[in-house]
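Right, one structure below, let's go through it.
Derivation of every value follows stated rules applied to the coordinates shown; laboratory data play no part. A quick note: this is a predicted structure, and the numbers were derived from the prediction, not measured. Don't worry about glycine lacking a Cβ; one is built from the backbone with ideal geometry, like all the others, and counts go over all protein chains shown.
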Amino acid sequence: MKYTIDNFIEINNDNKLTDTEKIDELLRIDAVIYCNLGSDSTQKEKHKANMDSKKIYTEIKKIDKFVGETFMRLIDKKIK
């Protein structure tokens, strides 16, 4: 199954994936979000991308607390 921002929460329920594969897939989705932003993106679109990243990092935190918290700290620094 190909996961997207619309169904990324289902990744944690996928028993076929290892924890590393789950984190990799979540980070792939996060990368796609930022690849779709451009110099012509509005502040609203950029804000939505940051909020979607936070949701993804929250899911990562459920798999690996240290990694998830590290990403959360980095996104919080970026937003400020």
Rounded to the nearest Å, the spacing of the alpha-carbon centers of the range 28-80 and the range 1-23 is 17
Based on Cβ point charges of +1 for Lys and Arg and -1 for Asp and Glu, what charge dipole magnitude is obtained for the chain about its Cα centre, in debye rounded to the nearest 20?
400
Using only Cα positions of the chain, each an equal point scatterer, no hydration layer, compute I(q)/I(0) via Debye at q = 0.11, 0.12, 0.18 Å⁻¹ and quote the log10 values to two decimals.
-0.28, -0.34, -0.73
Helix 65-79 sits at what angle to the longest principal axis of the chain, using alpha carbons and giving 0 to 90 degrees rounded to 10?
10
